[in-house]
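Visitor: I am attaching a structure below and will ask some questions about it afterwards.
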């Protein structure tokens, strides 16, 4: 067991490093988008030079400077010229492989993910993300707490009423909500409750507003996030419970004299938990990446919206992209690890890492 | 044996029995009934579930619509037509009953005060001609004004505010809204005239105060010495002042000046909210002078003395008379509009084309370029000539006209836009089907790519097994673990938003599923005897893979791929909604077809900012994409159930 956990954790860690490295290398291949403001750009260049991502060279020969001024010498990719009257300052990037090691070293030793170049110039990218994490996590955990009981309840109810009209209604609802993309659900909810009926706020309320609006402002995004998840969980629960309900051990439990509800709670539910718990842990990743769209629609200042704005066309903020994708990758990979491990915890019959 | 119910079986005599067959042996004979094949069997199972059949029919209708509507609809979905933007849905037959009749409900439209009807008391909104407004729905109400610098914005307070670290600010009053000029007030003690100032709120941090002065000299040449203090205000309330004692006169012709004095050493902007300034006397119950709202705000602010003075004078919470009403958007859009310069050549062409219905009636006999044209003529009235240039004795000019939009643009009757029009004035109905077609084709294209990559990868991995399989599985696992956000950022950074990024993201995450299914199929079939036999006969790896094993597993592989198409459409619309996929202005080349970059996700993104007044821009694309996704999923599930051999023969 211990060895299995160790191996899985190690593998997940390797995958994490590979994904982050791939992301870094590819983003480095793309043209850079330095700060637009000239002063901020200069201080950014100095910082890049000090950190070692770029080398600096002073050109003092007059004829070369003249040629540069007349644009006869073209800039290479990610190279910067700075005209200083008698001399020309040239910043050139070092090889990407070397940049990679500097980058990795900065992260490991100083937790330095670089600075933002476009969104909030020269502030550390990780701070930008950190400020926005609480909102996103609050929403997602809230959605988790909303959707699990509802999904379970509906699933068990549908399984008990199998093939009656209640089951058919629930199955139809499941089919509908599992099919419709969450952004459509969210837009329609926003249109009905925000704009037409005017019951709920139309955008996510700002921090300084009073408490009641803060609470009502959470309703729409949580609903938008959980509809699809409820449908998925209901379908899975229904399938699992129906299967368990026909099993022999449940018949035995009933013959022993347990009531229907006792049998379901003590025997059916426990057995159906085996595939359900991992799927719930896994669904958190789905919620989190789904919330990127919801945040965009409802103007929520979360990690998803900062990722989207860092990816605005021709205004790319690579360090913010890197740190937010690292955030999402880490969470999704550790969710996968938890899913793997949870099988053994939920069901003692599954022995993990056992050799055949 | 037609009615065997009536036969009493125990009384059948022996002679009535006969052998079915006697002569030949039948164990080598072919079945007389047709054998049911695998696909036929699947089809029978498929057709048994009625909901699935309905879903499949709906899916078929959607696919047909997405193919034929863009081809046969004559509505505009390519050219921007700004006058037709945001028209509401208008449906034949239903329109006669008042449902989706092209009327549009609007509120918060500023009322033109000159149009107020003395009988009903209702005013008409600006910019909307009365003939298109449904008068039964017209209502007037006051709302807070957006543009405070507007004389229709009435009531409310004006704030006189001293800046931080400044000592005072002076407001010179007496702007008249009747004469629209600065005037001197005339107060006569014989009529008991008095000044009334309504202060609704004061925000004073220290010992600030508001001084009321009478100014008898001209504006601009005053200093505080020319002023006479007649009162001081430190709290909110309605104050009345008489200037006679302070000035020692019984008749005063003067201006009212207000000075807000603040302690300049204190940090805090003192301000006072002034509702109105009025003058009353015995001659009338109404004030003889009254200024509030916009006109009060028009009074000028002076900074007398020195640079210790400074501050602002601004409007606070005025109201404007607004109207809500429903109006005939189609009638308005296709009705008359003015063209500031219609080239002469174009005008002549129109007149020639409609020569029967264009008879001229002169409005002004002295002006040869001012006349109306009869009904049915695209040009309704010619108002004059513009841009007259004489070259070699020939005059070149344009006409300034009002014209009928529908006739000018070749609409014989007012068209029915079933789902309304988009912000570019294009038919939403056609756009939606174009978008659906794009989504479906993208789904097919991506599935084809996924199948090609997945089948090759899965075949190699499954066929060779062992270490090759192990390495390829680890590779697939790592690629599969990459979150779509990572692939998206890489593709966007390298290629920019567009079809490359879209297809890239969809393929990177999509092929793994197909590879997995293919691998399982190979594990299932590669040990079978027929494969062994073929290998013994000398077949190579390629032949075994592509001629023997793959054809056996291809059914399952294709079913899985069809099941993945709705997922592809799902992701595509989400990415396009976020602006990372295709979009307006891009073109898409699939299978030799050139498509505009409109997909349902793009249409929904357009409707996102118009949820209040144009909800149909969101409703229709949502409905269509939902029906598409639901029916596609049901169809996919039904297909899987039908082809799943575990269910075979169970029903």
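Visitor: Is it fair to say residue B:447 is more than 14 Å from chain A (Cβ to nearest Cβ) and over 34 Å from the mean Cα position of the chain (by Cα)? Show your work before the answer.
Guide: Values: more than 14 Å from chain A (Cβ to nearest Cβ): yes; over 34 Å from the mean Cα position of the chain (by Cα): no.
When the stated conditions are applied, residue B:447 does not pass them.
Visitor: Residue check, residue A:192 against (1) farther than 20 Å from residue A:154 by Cβ; (2) buried (at least 19 other Cβ atoms within 10 Å of the Cβ); (3) within 14 Å of chain B (Cβ to nearest Cβ), all met but one. Which one?
Guide: Exception for residue A:192: condition (2).
Visitor: Quick one: how many residues across the range A:19-43 are in a helix (DSSP H, G or I) and closer than 24 Å to residue A:327 by Cα?
Guide: Start the filter on the range A:19-43 by keeping residues that are in a helix (DSSP H, G or I), which leaves A:19-29, A:38-43.
Restricting the remaining residues to those that are closer than 24 Å to residue A:327 by Cα gives A:19-29.
Residues flagged as in a helix (DSSP H, G or I) and closer than 24 Å to residue A:327 by Cα within the range A:19-43 amount to 11.
Visitor: Shifting gears a bit: Among what's in the range B:465-485 and is farther than 15 Å from residue B:517 by Cα, in contact (Cβ under 8 Å) with a residue 24 or more places away in the chain and assigned to a helix (DSSP H, G or I), pick the residue that is nearest to the other protein chains (Cβ to nearest Cβ). Please lay out each step first, then the result.
Guide: Filtering the range B:465-485 down to residues farther than 15 Å from residue B:517 by Cα leaves B:466-468, B:470-471, B:474-475, B:478-479, B:481-485.
Now narrow it down to the ones that are in contact (Cβ under 8 Å) with a residue 24 or more places away in the chain: B:479, B:482, B:484.
Next, only the ones that are assigned to a helix (DSSP H, G or I) stay: B:479, B:484.
On the way: B:479: 9, B:484: 7 Å.
The qualifying residue nearest to the other protein chains (Cβ to nearest Cβ) is B:484.
Visitor: Residues of the range B:371-402 being without any contact (Cβ under 8 Å) to a residue 40 or more places away in the chain and farther than 20 Å from residue B:335 by Cα, which ones?
Guide: Passing the criteria: B:384, B:385, B:388, B:389, B:390, B:391, B:392, B:393, B:394, B:395.
Visitor: Taking the residues in the range B:495-508 that are in a helix (DSSP H, G or I) and without any contact (Cβ under 8 Å) to a residue 40 or more places away in the chain as candidates, determine which candidate is farthest from residue A:30 (Cα to Cα). Steps first, please.
Guide: Our first condition is that a residue be in a helix (DSSP H, G or I); within the range B:495-508, this holds for B:495, B:499-508.
Next, only the ones that are without any contact (Cβ under 8 Å) to a residue 40 or more places away in the chain stay: B:495, B:500, B:504, B:508.
Values: B:495: 9, B:500: 15, B:504: 16, B:508: 19 Å.
Taking the candidates together, the pick is B:508.
Visitor: If residue B:235 satisfies all but one of (1) within 24 Å of residue B:312 (Cβ to Cβ); (2) in a loop (DSSP other than H, G, I, E, B); (3) modelled with pLDDT under 75, what's the number of the condition it fails?
Guide: (3)
Visitor: Follow-up. For residue B:402, indicate whether it is surrounded by fewer than 22 Cβ atoms within 10 Å (Cβ to Cβ) and either in the same structural domain as residue B:628 (by TED's automatic domain parsing) or closer than 14 Å to residue B:340 by Cα (or both).
Guide: On the way: surrounded by fewer than 22 Cβ atoms within 10 Å (Cβ to Cβ): yes; either in the same structural domain as residue B:628 (by TED's automatic domain parsing) or closer than 14 Å to residue B:340 by Cα (or both): yes.
It is true that residue B:402 is surrounded by fewer than 22 Cβ atoms within 10 Å (Cβ to Cβ) and either in the same structural domain as residue B:628 (by TED's automatic domain parsing) or closer than 14 Å to residue B:340 by Cα (or both).
Visitor: Could you list all residues from the range B:602-633 that are within 7 Å of chain A (Cβ to nearest Cβ), part of a helix (DSSP H, G or I), surrounded by fewer than 21 Cβ atoms within 10 Å (Cβ to Cβ) and more than 8 Å from the chain's Cα centre (by Cα)? If you could, list the steps in order and put the result at the bottom.
Guide: In the first step, residues of the range B:602-633 are kept if they are within 7 Å of chain A (Cβ to nearest Cβ); the result is B:604, B:608, B:611-612, B:615, B:618, B:622, B:625-626, B:629-630, B:633.
Now narrow it down to the ones that are part of a helix (DSSP H, G or I): B:604, B:608, B:618, B:622, B:625-626, B:629-630, B:633.
Cutting the leftovers down to surrounded by fewer than 21 Cβ atoms within 10 Å (Cβ to Cβ) gives us B:608, B:626.
B:626 - this is the single residue of the range B:602-633 that is within 7 Å of chain A (Cβ to nearest Cβ), part of a helix (DSSP H, G or I), surrounded by fewer than 21 Cβ atoms within 10 Å (Cβ to Cβ) and more than 8 Å from the chain's Cα centre (by Cα).
Rundown of residues vs (1) within 14 Å of chain B (Cβ to nearest Cβ); (2) buried (at least 17 other Cβ atoms within 10 Å of the Cβ), yes/no style:
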{"position": "A:253", "(1), (2)": "no, yes"}
{"position": "A:277", "(1), (2)": "no, yes"}
{"position": "A:298", "(1), (2)": "yes, yes"}
{"position": "A:306", "(1), (2)": "yes, yes"}
{"position": "A:314", "(1), (2)": "yes, no"}
{"position": "A:328", "(1), (2)": "yes, yes"}
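Visitor: Still on this structure: Taking the options B:510, B:567, B:553, B:516, name whichever one is more than 9 Å from chain A (Cβ to nearest Cβ), modelled with pLDDT under 85 and buried (at least 18 other Cβ atoms within 10 Å of the Cβ). Outline the logic, then answer.
Guide: On the way: B:510 fails: modelled with pLDDT under 85; B:567 fails: modelled with pLDDT under 85; B:516 fails: modelled with pLDDT under 85.
Checking each option against the conditions leaves just B:553.
Visitor: Can you name the number of the only condition in (1) closer than 30 Å to residue A:35 by Cα; (2) part of a helix (DSSP H, G or I); (3) touching a residue at least 60 places away in the same chain (Cβ under 8 Å) that residue A:130 fails?
Guide: For residue A:130, the exception is condition (3).
Visitor: Just to be sure I understand, how many residues within the range B:493-507 are within 7 Å of chain A (Cβ to nearest Cβ), within 27 Å of the chain's Cα centre (by Cα) and surrounded by fewer than 23 Cβ atoms within 10 Å (Cβ to Cβ)? If you could, list the steps in order and put the result at the bottom.
Guide: Residues of the range B:493-507 that are within 7 Å of chain A (Cβ to nearest Cβ), as a first pass: B:493-494, B:496-497.
Applying the additional criterion that residues be within 27 Å of the chain's Cα centre (by Cα) yields B:496-497.
Add one more test, that the residue is surrounded by fewer than 23 Cβ atoms within 10 Å (Cβ to Cβ), and what stays is B:496.
Qualifying residue count for the region: 1.
Visitor: Checking the structure you have, find out if any residue of the range A:196-212 is farther than 30 Å from residue A:244 by Cβ, within 14 Å of chain B (Cβ to nearest Cβ) and in contact (Cβ under 8 Å) with a residue 24 or more places away in the chain.
Guide: Yes, the conditions are met somewhere in the range A:196-212.
Visitor: Considering only the range A:143-152, I want to know if a residue exists there that is without any contact (Cβ under 8 Å) to a residue 60 or more places away in the chain, in a helix (DSSP H, G or I) and not assigned by TED's automatic domain parsing to the domain that holds residue A:261. Spell out the reasoning first.
Guide: We begin by selecting, within the range A:143-152, every residue without any contact (Cβ under 8 Å) to a residue 60 or more places away in the chain; these are A:145, A:149.
Next, from what is left, pick out any that are in a helix (DSSP H, G or I): A:145, A:149.
Right, trim to not assigned by TED's automatic domain parsing to the domain that holds residue A:261 and you get none.
No, the range A:143-152 contains no residue that is without any contact (Cβ under 8 Å) to a residue 60 or more places away in the chain, in a helix (DSSP H, G or I) and not assigned by TED's automatic domain parsing to the domain that holds residue A:261.
Visitor: Something else: Is it the case that residue A:224 is buried (at least 19 other Cβ atoms within 10 Å of the Cβ) and within 14 Å of chain B (Cβ to nearest Cβ)?
Guide: Details: buried (at least 19 other Cβ atoms within 10 Å of the Cβ): yes; within 14 Å of chain B (Cβ to nearest Cβ): yes.
Spelling it out, residue A:224 is indeed buried (at least 19 other Cβ atoms within 10 Å of the Cβ) and within 14 Å of chain B (Cβ to nearest Cβ).
Visitor: Look through A:184, A:121 and report the one residue that is modelled with pLDDT under 90 and within 29 Å of residue B:613 (Cβ to Cβ). Walk me through how you get there before you give the answer.
Guide: Details: A:121 fails: within 29 Å of residue B:613 (Cβ to Cβ).
Every option except A:184 fails the conditions.
The values are calculated or read from the model by the stated rules, or taken from the named source; none is laboratory data. On a predicted model such as this, the values are computed, not experimentally measured, just so you know. When we count neighbours, we look across all protein chains shown, and the Cβ atoms used for this are built from the backbone with ideal geometry, even at glycine.
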